[in-house]
Amino acid sequence: MSLQGGEAPAKANVYVSDIQEPYVCVVDKVFPPFRLIPRKVMLIIGAMMQITSDGGPQPQSNILFSVSNETVAVVNSARLVRGLAFGNGTVSGVVQAVDAETSKLVIVSQDLVEVEVLLLQAVRIRAPITRMRTGTQMPVYITGITNSQNPFSFGNAVPGLTFHWSVTKRDILDIRGRHQEASHRLPSQYNFAMNVHGRVKGRTGLRVVVKALDPAAGQLHGLARELTDEIQIQVLEKLLLLSPEIEAEQILMSPNSFIKLQTNRDGAASLSYRVLDGPEKVPVMHVDEKGCLTSGSVIGMSTIQVTAQEPFGANQTILFAVKVSPVSYLRLSMSPTLHTQNKEALAALPLGMTVTFTVHFRDNSGDSFHAHNSVLSFATNR
């Protein structure tokens, strides 16, 4: 039955399954269509991914999962899909509800997820930028030949893989664990993603060797023992003014973002704000009388003048640049820092610990944004 055409029959209990309208109705309830997430699961042998669901009757009805080809993959009651052998299949999720009249289970809706169990033929180092400034950091991680063969595909496999990183010139780049700032050191089996830190100017190669703990498990193509990849990264010196020796900084914003300017004279002096770009130049942002700075969709730079009129007659003026640039990548940091008696990094987190992850947005040089309008979402494998 379609909800868009005509009236429903007088009987209240209506079941609709697998229709194309944006909403379906069951047992006097209207709900969004039932969907399984992600739409496709790519795993190596021994790796697992958990399937989640959206829509369907709320509270969630009974959902039964099954695999079309159990020689390729299996799924359990916790929705964990595990790769068994090279091949393709589908995982089916069937939503069941109780008929109010007959008290029998009926199928309300269902959805399918593609499952591909693959062999890693090669690995690639994925870096958001290949030129970075000294003192900046960026994340790097491993994928297969394509981006769809990401760490979710192989990061938790059993017996698993190990990841070994190195640089051709040690002084230029530091390779750090993703949680090193919290004194948490992951074993090589989980180092499929790292942070690189630009130390001094120069050019160096970043190399990774991916080894199979058990080559006979068939996780790598041709029963290979290891796969390698290398990329080149250039570290640039940050531009500094040496004569006169003063700090020259700028505000970095993403397009269509907002920030409120504050000075040490707020509330004590009368402040005014003005964009100094010439009449022939389109400003990349606007500022109002309260110091609210808003960037537009144009990429570029503009200059802001802030003037403080003191109550005793003196005036102070500062000028600064505002750069509007797209976000090139984001980096996660973890806190708090874990301290041990011997100052050694921990290989595991204490049970019950509360961990905070902070997201840092960076431009194509590795500089951190002061304002952005990015909307974050996340996915987990468990």
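The values are calculated or read from the model by the stated rules, or taken from the named source; none is laboratory data. Predicted model only: the values in this text are computed from it and were never measured. Heads up, the Cβs are rebuilt from the backbone with ideal geometry, glycines too, and the neighbour counts pull from every protein chain shown. In case anyone asks, the SASA skips ligands and DNA or RNA and just uses the protein heavy atoms, side chains included. Shrake-Rupley method; radii C 1.70, N 1.55, O 1.52, S 1.80 Å.
Compute the relative contact order of segment 250-381 as a whole-number percentage, counting only Cα pairs closer than 8 Å that sit 6 or more residues apart in sequence. Kindly include the intermediate steps, with their values, before the conclusion.
Details: 239 pairs, mean separation 38.9, N = 132.
Normalised by residue count, the contact order of segment 250-381 is 29 percent.
Rounded to the nearest 0.05, what FRET efficiency do SER77 and SER243 have when you use their Cβ-Cβ distance and R0 = 45 Å?
Computed FRET efficiency for SER77 and SER243: 0.05.
Largest first, what is the accessible-area ranking of SER66, SER365 with a 1.4 Å probe?
SER66, SER365
Which residue, ILE175, ILE63, ILE318, has the most motion in a Gaussian network model of the chain that connects Cα atoms within less than 10 Å?
ILE318
For segment 243-363, what is the largest minus smallest coordinate of the Cα atoms on each principal axis, given in angstrom and ordered from greatest to least?
Computed over segment 243-363, the largest-to-smallest principal extents equal 59, 38, 35 Å.
Relative contact order, percent, of segment 168-218 when contacts are C-alpha pairs under 8 Å separated by at least 6 residues?
It comes to 47 percent, rounded to a whole number.
Quick one: net charge around SER325, please, counting Lys, Arg +1 and Asp, Glu -1 for every other residue with C-beta under 11 Å from its C-beta.
With Lys, Arg at +1 and Asp, Glu at -1, the net is 0.
Quick one: if you stick a label point 7 Å off each Cα along the C-beta vector at ASN147 and VAL298, how many nm between them?
Rounded to a tenth, the inter-label distance reads 3.0 nm.
Within the chain, what's the longest stretch lacking chymotrypsin sites (Phe, Trp or Tyr not before Pro) that sit in DSSP loops with no more than 16 other Cβ atoms inside 10 Å? All intermediate terms of the calculation are to be shown ahead of the outcome.
Working: sites that count: TYR23, PHE86, PHE312, PHE378.
Formally, the longest exposed-site-free interval is 87-311.
When only Cα pairs under 8 Å and 6 or more residues apart are kept, what is the percent relative contact order across segment 51-138?
Relative contact order of segment 51-138: 24 percent.
Say a paramagnetic label sat at a point 7 Å from the Cα of PHE258, along Cα to Cβ; which residues of segment 295-314 have their backbone N under 13 Å from it?
The answer is 295-296.
Using only the Cα atoms, what convex hull volume per residue in Å³ does segment 45-193 have?
Values: hull volume 24.4 nm³, N = 149.
Cα convex hull per residue, to the nearest whole number: 164 Å³.
For a quick check, take a GNM of the chain with Cα springs below 10 Å and name the residue from ASN264, ASN256, ASN76 with the largest mean-square fluctuation.
ASN264
(1) 48, 35, 18; (2) 52, 22, 18; (3) 40, 24, 18: which one is semi-axes √(5λ) of the Cα gyration tensor in Å as calculated from this entry?
Given (1) 48, 35, 18; (2) 52, 22, 18; (3) 40, 24, 18, the structure-derived one carries the label (1).
Taking 0.36 nm per residue of sequence separation and subtracting the Cα-Cα distance, how much length would be gained by fully extending the chain between HIS370 and LEU119, in nm to one decimal?
Stretched fully, the HIS370-LEU119 segment lengthens by 86.1 nm.
Would you look at the GNM of the chain, springs on alpha carbons closer than 10 Å, and say which of GLY267, GLY296, GLY89 moves the most?
Greatest mean-square fluctuation among the candidates belongs to GLY267.
Sort SER103, SER254 by accessible area with a 1.4 Å probe, largest first.
Greatest to least solvent exposure: SER103, SER254.
Tell me, what ³J(HN,Hα) does each residue in segment 285-299 have, in order and in whole Hz, if you take phi through Karplus 6.51 cos²θ - 1.76 cosθ + 1.60 with θ = phi - 60° and put x for Gly and Pro?
Each residue's phi maps through the Karplus curve to give 8, 10, 10, 9, 5, 9, x, 7, 9, 10, 8, x, 8, 7, 8 Hz.
Just subtract the alpha-carbon distance of THR168 and ALA347 from 0.36 nm times their residue separation and send over the number in nm, one decimal.
Length gained, THR168 through ALA347: 61.8 nm.
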